[in-house]
C-alpha cells in the first residue's frame with residue numbers, strides 16, 4: 001500500500017453564508033499525480049489552499065507530509081512547491097531575477113542550479129527577458145521553475161494550462177510528468193477532462209464542495225460508463241449504410257469484429273467510441289464540466 005502524504009478528512013470552509021467546502025475527504029499517495037477535478041466554483045482551489053496552509057479551514061483535519069498546515073506552516077513551506085499565479089510577479093521583473101528571488105527564500109543546500117532548471121524548462125534563452133514579454137506557455141513554465149527551485153517533495157499546480165493553446169498545453173503536460181519522474185508527488189486541480197485523463201494516476205471529482213467520486217480515470221469510466229459503441233458502414237458505390245452496436249466488457253469490440261468476419265460482411269468504415277472522464281462527470285452531476 002503506498003504511503004499517504006496528504007490526508008484530508010471532513011474538510012469544511014465557509015465564507016459567511018456561502019458554503020465553499022461542505023465535506024471533503026481524500027488521500028494523495030507518495031509518487032503519484034493526483035487530480036482534483038470539477039467545474040469552476042466547485043471548491044478545487046479552496047481545497048488546495050487549505051491543504052497548503054494558505055487558507056484557514058473551518059472544520060475537519062488535514063495532514064501534509066506528517067505536518068499540520070496551520071500549526072507547522074513554516075516547516076511545511078520548506079518541503080512543498082506551489083505554482084504561483086501571474087498576479088504574484090511584477091511585469092518588469094526578469095526571468096533570472098524571479099528565480100533568484102525565490103531561491104533566496106530557501107536553505108541554500110536545497111536550492112537547485114538555476115541555469116540547469118531554466119535549461120530543463122526551455123527558458124534558458126529567456127533568462128534576461130521581462131516577465132511581461134513571455135508567452136502564456138513561457139509564463140507557466142516560469143511558475144513551475146519557481147515551484148521547483150528548492151526540490152520540493154510535493155508540488156501543487158492550480159489550473160496550470162487554462163488559456164494555453166494545445167501545443168503549449170502538451171508541453172506543460174510533459175513537464176508535469178517529468179516532475180513526478182524526478183521524485184516529487186504532484187497535486188493538481190483542473191477543469192479540463194482531457195488533462196486529467198492524460199496526466200493523473202487518480203482523480204477526485206468535487207461538486208458543490210463535496211468529493212462525490214474518486215479513483216483512477218479507468219476505474220471511474222468502468223464504474224459509471226461501461227458501455228462502448230461500435231459504428232461501421234456497409235454498402236457500395238450506390239449508397240452507404242451505417243450500423244451501430246452497443247455493449248459492455250473488454251471483449252465487446254473483439255466480439256463485433258468476429259461477428260462481422262463470420263458473416264462475411266464487407267465493411268467500408270469502422271470506428272469505436274469509448275466513454276471518457278467527461279462522460280462520467282456528466283452522468284454524476286448532470287452538467288457540463290465547463291459550467
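Between residue 100 and residue 268, the simple spin-label model (points 7 angstrom out along Cα→Cβ) gives 6.8 nm.
At R0 = 51 Å, how high is the FRET efficiency between residue 238 and residue 283 if r is their beta carbon distance? Nearest 0.05 is fine. That pair, residue 238 with residue 283, gives E of 0.80. Be a star and scan the range 145-173 for residues whose amide nitrogen sits under 11 Å from the point 7 Å along the Cα-to-Cβ vector of residue 135. The answer is 165-169, 171, whose backbone nitrogens lie closer than 11 Å to the label point.
Residues considered: 78, 266, 198. Largest GNM mean-square fluctuation over the chain, using C-alpha springs under 10 Å, is found at 266. Comparing 273, 237, 227 in a Gaussian network model of the chain, where Cα atoms under 10 Å apart are tied by springs, the biggest mean-square fluctuation is seen for 237.
From most to least packed by mean Cβ count within 10 Å, the peptides 60-70, 205-215, 165-175 give 205-215, 60-70, 165-175. Take the Cβ atoms of residue 3 and residue 78, set R0 to 22 Å, and the FRET efficiency comes out at 0.70.
Under a Gaussian network description of the chain, with springs only between Cα atoms under 10 Å, the residue in 127, 229, 77 that fluctuates furthest is 229.
Most simply put, the chain has about 65% antiparallel DSSP beta bridges, counting only bridges with both residues inside it.
One decimal place: the segment residue 181-residue 22 gains 53.8 nm when fully extended, by the rule 0.36 nm per residue minus the C-alpha distance.
On the beta carbon distance between residue 219 and residue 58, with R0 = 35 Å, the FRET formula returns roughly 0.65.
Here the label points at residue 259 and residue 231, each 7 Å from Cα along the C-beta direction, are separated by 1.8 nm in the simple model. Fully extending the segment from residue 30 to residue 248, taken as 0.36 nm per residue of separation minus the present Cα-Cα distance, adds 75.1 nm.
A short reminder: the numbers here are calculations on the coordinates, not readings from a lab. Everything quoted here is computed from the prediction, not taken from an experiment. We place every Cβ from the backbone using ideal geometry, glycine too, and count neighbours over all the protein chains shown.
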